[in-house]
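Trainee: One structure, as structure tokens, below. Some questions next.
The values are calculated or read from the model by the stated rules, or taken from the named source; none is laboratory data. Bear in mind the structure is a predicted one, so any value in this text is a computation, not a measurement. Positions of Cβ are generated from backbone atoms using ideal geometry, with glycine treated the same way; all protein chains shown enter the neighbour counts. Heavy atoms of the whole protein, side chains included, go into the accessibility calculation; ligands, DNA and RNA do not. Shrake-Rupley method; radii C 1.70, N 1.55, O 1.52, S 1.80 Å.
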There are 2 protein chains.
Amino acid sequence: MPDAPSGVGGELFTEERSAEVVAASFAGTPDPRLRQLLTSLVQHLHAFVKDVELTEEEWGAAIAFLTRTGQTSDDVRQEVILLSDVLGVSMLVETINHRTGGTSTESTVLGPFHMVESPPRQLGENIALDGKGEPCLVTGRVTGPDGEPLAGALVDVWQANDDGFYDVQQPGVQPERNLRGLFTADGDGRFWFRSIVPRHYPIPDDGPVGELLAATARHPNRPAHVHFLVTAPGHRPVTTHLFVAGDPYIDSDAVFGVKESLIREFPVVDDPARAAEVGLPNPFRTVHFDVALLRADQPAVHGAPVGRAS
Amino acid sequence: MPDAPSGVGGELFTEERSAEVVAASFAGTPDPRLRQLLTSLVQHLHAFVKDVELTEEEWGAAIAFLTRTGQTSDDVRQEVILLSDVLGVSMLVETINHRTGGTSTESTVLGPFHMVESPPRQLGENIALDGKGEPCLVTGRVTGPDGEPLAGALVDVWQANDDGFYDVQQPGVQPERNLRGLFTADGDGRFWFRSIVPRHYPIPDDGPVGELLAATARHPNRPAHVHFLVTAPGHRPVTTHLFVAGDPYIDSDAVFGVKESLIREFPVVDDPARAAEVGLPNPFRTVHFDVALLRADQPAVHGAPVGRAS
């Protein structure tokens with residue numbers, strides 16, 4: 001064609017060099033970390049579009065989906081986080097930022113339900129205020145990475161009720177702060193409390209993310225778990241779950257939160273004397289969950305991940 | 001740790017195999033294309049997170065940014081498309097889906113301003129109804145891939161006014177359908193009309209995308225252009241721009257829409273007789289833009305792109 005341009009300085013867009021051309025547009029970003037993030041994002045995003053040869057119709061569907069996902073979010077619901085969750089991105093970010101080096105309890109996603117403070121409770125108290133579910137005694141011990149007990153460690157726990165809902169999802173239905181407690185470990189780092197065996201429950205599936213799960217024949221369930229957030233002075237906190245072995249969704253968590261090192265059996269105890277001692281009907285279920293924290297001065301683990309604690 | 005799990009069937013999430021584990025969750029997707037898209041998306045998304053070792057703070061900022069981008073969109077503004085534009089994704093999708101094989105006019109992004117129908121006009125009519133800007137005679141010819149004239153081809157054109165706004169952005173300020181026209185090429189495929197030399201203008205930069213551009217020291221401007229949408233029976237339509245050589249933003253289009261084959265000089269004509277003939281004040285600017293369409297029965301170009309038409 002005639003009229004070749006003159007005086008064009010920069011490199012124009014081509015299919016072959018699309019990522020390089022767009023990345024170059026970010027070359028002047030003052031913050032070097034932001035420049036790194038955007039350069040890498042552009043490279044991976046363009047590689048995706050090219051790998052699948054995304055059609056204009058598919059691009060339009062993706063735009064509409066992302067728009068609705070943002071618009072479905074409000075003060076009490078975060079659909080973009082939910083999308084990150086079901087794509088395994090939340091769990092990947094969590095894992096990368098909390099590598100254990102094999103010497104401490106593995107972390108998993110915080111989730112959206114730690115939105116109210118757990119009430120301080122005495123060791124042994126029952127956090128199941130609604131009288132539903134299978135009674136369970138939870139015991140454990142908080143230690144440092146070398147097994148030294150962490151006296152006075154704070155153990156914050158929360159879980160869904162036997163109907164599969166957290167208290168904050170059912171205001172006025174469940175007792176306030178049902179199935180939440182903040183416990184202080186004893187002088188030997190030990191903690192114990194009464195609760196119920198958790199049950200699996202679905203993530204919110206009436207929005208765009210639910211449509212995605214339906215279109216891909218994925219179920220929306222999370223396997224049964226109790227949340228733990230454990231802290232102790234001079235140590236790195238850990239946000240994690242205790243999972244129930246044998247849960248039907250243990251190997252297909254909708255948000256990929258399950259790590260093998262966090263799964264425990266919940267054996268039945270049939271012992272009237274012991275039941276009376278702990279204040280539960282006989283028989284009852286039990287579970288033991290030890291938590292090991294890294295010291296705050298231990299360097300974060302960078303580079304290639306090491307094997308899982310197990 | 002004690003209590004090793006039993007009966008776990010599927011593969012659990014690990015940092016090393018995160019993409020494989022998440023992709024496997026989509027293995028049951030009934031639509032094979034959707035399965036392919038999500039599998040590839042997960043691989044590239046996880047590779048990005050791992051390459052940059054995304055921090056939890058950065059992940060949170062990304063979630064908030066995407067949420068606000070969706071929420072900034074409404075009936076008359078699409079901020080998610082704008083994000084796709086400034087990351088070069090819109091242009092990449094456009095380019096992949098409209099490979100020319102080097103024998104036809106290259107396409108570029110449609111943009112958000114083709115939202116009203118252009119009014120049918122006679123060849124030679126003036127589409128600049130607001131009296132602003134530098135008068136210009138636009139001429140061209142529509143042909144098939146082998147240069148055969150396409151009599152009666154429809155040439156739909158639209159552009160911003162001399163203040164950098166489209167008519168639909170300034171209802172009540174600009175005359176209705178200012179700088180829009182639908183022309184029918186003559187028996188020799190030729191078209192001509194009067195307009196103004198376009199000027200560069202900024203994309204909307206008062207939302208999240210504007211914040212991104214500011215944080216990365218990128219300007220929001222698009223180089224001056226006239227939009228063309230050219231159709232003819234039995235041929236593939238083309239959506240493209242005519243760009244002005246020498247525009248200060250010709251090599252830094254905020255949305256990467258510039259292709260070298262679409263840039264033209266707009267030479268001055270100083271010829272009172274010719275000016276009187278075309279109905280413009282003397283001197284005036286001119287530009288010539290030929291458009292070549294592929295035949296509808298020509299197969300789409302797949303696989304590696306060929307060289308650009310130039």
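Trainee: Starting from the range A:216-230, keep only residues that are within 15 Å of A:D85 (Cβ to Cβ), then list their pairs with residues that are open to solvent by less than 10 Å² (accessible area, probe 1.4 Å) and assigned to a strand (DSSP E or B) whose Cβ atoms are within a distance under 7 Å, requiring at least 6 positions of separation or different chains.
Mentor: Every condition considered, the pairs that remain are A:P223/A:F243; A:H225/A:H241; A:H225/A:L242; A:H225/A:F243; A:H227/A:V157; A:H227/A:W158; A:H227/A:H241.
Trainee: Check the range A:6-17 and report whether any residue there is modelled with pLDDT of 95 or more, more than 7 Å from every other protein chain (Cβ to nearest Cβ) and either over 40 Å from the mean Cα position of the chain (by Cα) or on the phi < 0 side of the Ramachandran plot (or both).
Mentor: Among the residues of the range A:6-17, at least one is modelled with pLDDT of 95 or more, more than 7 Å from every other protein chain (Cβ to nearest Cβ) and either over 40 Å from the mean Cα position of the chain (by Cα) or on the phi < 0 side of the Ramachandran plot (or both), which makes the answer yes.
Trainee: Only one of these conditions is not met by B:D31: (1) over 30 Å from B:L294 (Cβ atoms); (2) more than 28 Å from the chain's Cα centre (by Cα); (3) facing chain A (nearest Cβ under 8 Å). Which number is it?
Mentor: For B:D31, the exception is condition (1).
Trainee: Of the residues that make up the range A:91-98, is at least one without any contact (Cβ under 8 Å) to a residue 24 or more places away in the chain and more than 11 Å from every other protein chain (Cβ to nearest Cβ)?
Mentor: Scanning the range A:91-98, I find no residue that is without any contact (Cβ under 8 Å) to a residue 24 or more places away in the chain and more than 11 Å from every other protein chain (Cβ to nearest Cβ), so the answer is no.
Trainee: Between a first residue in the range B:248-273 that is more than 27 Å from A:E20 (Cα to Cα) and a second residue that is hydroxyl-bearing (S, T, Y) and open to solvent by 10 Å² or more (accessible area, probe 1.4 Å), which pairs have beta carbons less than 8 Å apart while being 6 or more apart in sequence or on different chains?
Mentor: B:F266/B:T286; B:P267/B:T286; B:V268/B:T286; B:V269/B:T286
Trainee: As an exercise: evaluate A:V255 against (1) out of contact with any Asp or Glu (no Cβ under 7 Å at 6 or more places or on another chain); (2) under 17 Å from A:S90 (Cβ atoms) and give the number of the one condition it does not meet.
Mentor: It is condition (1) that A:V255 fails.
Trainee: Let me ask another. So which of B:L66, B:L83, B:L92 is outside any loop (DSSP other than H, G, I, E, B), crowded, with 20+ Cβ neighbours inside 10 Å and over 14 Å from the mean Cα position of the chain (by Cα)?
Mentor: On the way: B:L83 fails: over 14 Å from the mean Cα position of the chain (by Cα); B:L92 fails: over 14 Å from the mean Cα position of the chain (by Cα).
Going through B:L66, B:L83, B:L92 in turn, the sole match is B:L66.
Trainee: Could I ask something else about it? Hey, can you tell me all the residues within the range A:177-210 that are open to solvent by 50 Å² or more (accessible area, probe 1.4 Å) and touching a residue at least 12 places away in the same chain (Cβ under 8 Å)? Spell out the reasoning first.
Mentor: Keep residues of the range A:177-210 that are open to solvent by 50 Å² or more (accessible area, probe 1.4 Å), which gives A:177, A:184, A:187-188, A:190, A:192, A:194, A:199-200, A:202, A:204-206.
Matches in the range A:177-210: A:R177, A:T184, A:G187, A:D188, A:R190, A:W192, A:R194, A:R199, A:H200, A:P202, A:P204, A:D205.
Trainee: To continue, here is another question. Please state which one of A:D206, A:D271, A:D251 is closer than 30 Å to B:L37 by Cβ and more than 18 Å from the chain's Cα centre (by Cα).
Mentor: The match here is A:D206.
Trainee: Against the condition open to solvent by 10 Å² or more (accessible area, probe 1.4 Å) and touching a residue at least 60 places away in the same chain (Cβ under 8 Å), how does A:H235 come out, does it pass?
Mentor: Numbers: open to solvent by 10 Å² or more (accessible area, probe 1.4 Å): yes; touching a residue at least 60 places away in the same chain (Cβ under 8 Å): yes.
When the stated conditions are applied, A:H235 passes them.
Trainee: Counting only residues that are more than 10 Å from every other protein chain (Cβ to nearest Cβ) and open to solvent by 20 Å² or more (accessible area, probe 1.4 Å), which one in the range B:238-248 is farthest from the chain's Cα centre (by Cα)?
Mentor: Restricting to residues being more than 10 Å from every other protein chain (Cβ to nearest Cβ) and open to solvent by 20 Å² or more (accessible area, probe 1.4 Å), the top hit is B:P248.
Trainee: Here are some residues: A:L129, A:L110. Which one is under 24 Å from B:E56 (Cβ atoms) and assigned to a loop (DSSP other than H, G, I, E, B)? Outline the logic, then answer.
Mentor: Working: A:L129 fails: under 24 Å from B:E56 (Cβ atoms).
Of A:L129, A:L110, the one residue that is under 24 Å from B:E56 (Cβ atoms) and assigned to a loop (DSSP other than H, G, I, E, B) is A:L110.
Trainee: Tell me the residue from A:V287, A:V269 that is surrounded by fewer than 18 Cβ atoms within 10 Å (Cβ to Cβ), at pLDDT 95 or above, closer than 21 Å to A:L123 by Cα and not aromatic (F, W, Y), please. Break it down stepwise before answering.
Mentor: Values: A:V287 fails: surrounded by fewer than 18 Cβ atoms within 10 Å (Cβ to Cβ).
From the options A:V287, A:V269, the qualifying one is A:V269.
Trainee: Next up: List the pairs whose first member sits in the range B:38-56 and is more than 25 Å from A:G111 (Cβ to Cβ) and facing chain A (nearest Cβ under 7 Å), whose second member is open to solvent by 50 Å² or more (accessible area, probe 1.4 Å) and at pLDDT 95 or above, and whose Cβ atoms are under 6 Å apart, counting only residues at least 6 apart or on separate chains?
Mentor: B:S40/A:D51
Trainee: Give me a count of the residues in the range A:214-232 that are open to solvent by less than 10 Å² (accessible area, probe 1.4 Å), closer than 23 Å to A:N161 by Cβ and either of a type in the set (S, T, N, Q) or not in a strand (DSSP E or B) (or both). It would help to see each step written out before you state the result.
Mentor: Step one: list which residues in the range A:214-232 are open to solvent by less than 10 Å² (accessible area, probe 1.4 Å), which gives A:216, A:223-228, A:230.
Next, from what is left, pick out any that are closer than 23 Å to A:N161 by Cβ: A:223-228, A:230.
Still in the list and also either of a type in the set (S, T, N, Q) or not in a strand (DSSP E or B) (or both): A:223-224.
Within the range A:214-232, residues that are open to solvent by less than 10 Å² (accessible area, probe 1.4 Å), closer than 23 Å to A:N161 by Cβ and either of a type in the set (S, T, N, Q) or not in a strand (DSSP E or B) (or both) number 2.
Trainee: Then there is this: Quick test of your reading of the structure: B:W158 fulfils all but one of (1) touching a His at 6+ places or on another chain (Cβ under 6 Å); (2) modelled with pLDDT under 95. Name the failing condition by number.
Mentor: Going through the list (1) touching a His at 6+ places or on another chain (Cβ under 6 Å); (2) modelled with pLDDT under 95, B:W158 breaks only (2).
Trainee: Then there's this: Got at least one residue in the range A:104-120 being at pLDDT 90 or above and farther than 23 Å from A:G257 by Cα?
Mentor: yes
Trainee: Sticking with this one: Name the single residue that is most open to solvent (accessible area, probe 1.4 Å) among those in the range B:69-80 being within 7 Å of another protein chain (Cβ to nearest Cβ) and assigned to a helix (DSSP H, G or I). It would help to see each step written out before you state the result.
Mentor: Within the range B:69-80, the subset within 7 Å of another protein chain (Cβ to nearest Cβ) is B:69-71, B:73, B:80.
The next check asks that each one be assigned to a helix (DSSP H, G or I); those that pass are B:69-71, B:80.
Values: B:T69: 2, B:G70: 0, B:Q71: 91, B:V80: 12 Å².
Applying the filter and picking the extreme gives B:Q71.
Trainee: Hey, among the residues in the range A:99-116 that are surrounded by 16 or more Cβ atoms within 10 Å (Cβ to Cβ) and among the small types (G, A, S), which one's farthest from the other protein chains (Cβ to nearest Cβ)?
Mentor: Out of the qualifying residues, it is A:G111.
Trainee: Can you tell me which residues in the range A:37-61 are part of a helix (DSSP H, G or I) and more than 31 Å from the chain's Cα centre (by Cα)? Working first, answer last.
Mentor: Going through the range A:37-61, the residues part of a helix (DSSP H, G or I) turn out to be A:37-52, A:56-61.
Selection gives A:K50, A:E56, A:E57.
Trainee: Any residue in the range B:15-35 that's open to solvent by 30 Å² or more (accessible area, probe 1.4 Å): show its pairings with residues that are part of a loop (DSSP other than H, G, I, E, B) and among the hydrophobic types (A, V, I, L, M, F, W, C) at Cβ separation under 6 Å, as long as the two are six or more apart or on different chains.
Mentor: B:G28/A:A217; B:R35/B:F26
Trainee: Separate question: Which one of these does A:C136 not meet: (1) more than 24 Å from A:D251 (Cβ to Cβ); (2) outside any loop (DSSP other than H, G, I, E, B)?
Mentor: (1)
Trainee: Would you say B:T143 is hydroxyl-bearing (S, T, Y), modelled with pLDDT of 95 or more and touching a Pro at 6+ places or on another chain (Cβ under 8 Å)? Write out each step before concluding.
Mentor: Working: hydroxyl-bearing (S, T, Y): yes; modelled with pLDDT of 95 or more: yes; touching a Pro at 6+ places or on another chain (Cβ under 8 Å): yes.
Considered against the rule, which asks whether it is hydroxyl-bearing (S, T, Y), modelled with pLDDT of 95 or more and touching a Pro at 6+ places or on another chain (Cβ under 8 Å), B:T143 comes out as yes.
Trainee: Out of the residues in the range B:117-154 that are hydrophobic (A, V, I, L, M, F, W, C) and open to solvent by less than 40 Å² (accessible area, probe 1.4 Å), which is farthest from B:L293 (Cα to Cα)? Give the steps one after another, and end with the answer.
Mentor: So in the range B:117-154, the residues hydrophobic (A, V, I, L, M, F, W, C) come out as B:123, B:127-129, B:136-138, B:142, B:150-151, B:153-154.
Keeping just the survivors that are open to solvent by less than 40 Å² (accessible area, probe 1.4 Å) gives B:127-128, B:136-138, B:142, B:150, B:153.
Working: B:I127: 24, B:A128: 27, B:C136: 25, B:L137: 23, B:V138: 19, B:V142: 7, B:L150: 9, B:A153: 10 Å.
For the range B:117-154, the residue satisfying everything is B:A128.
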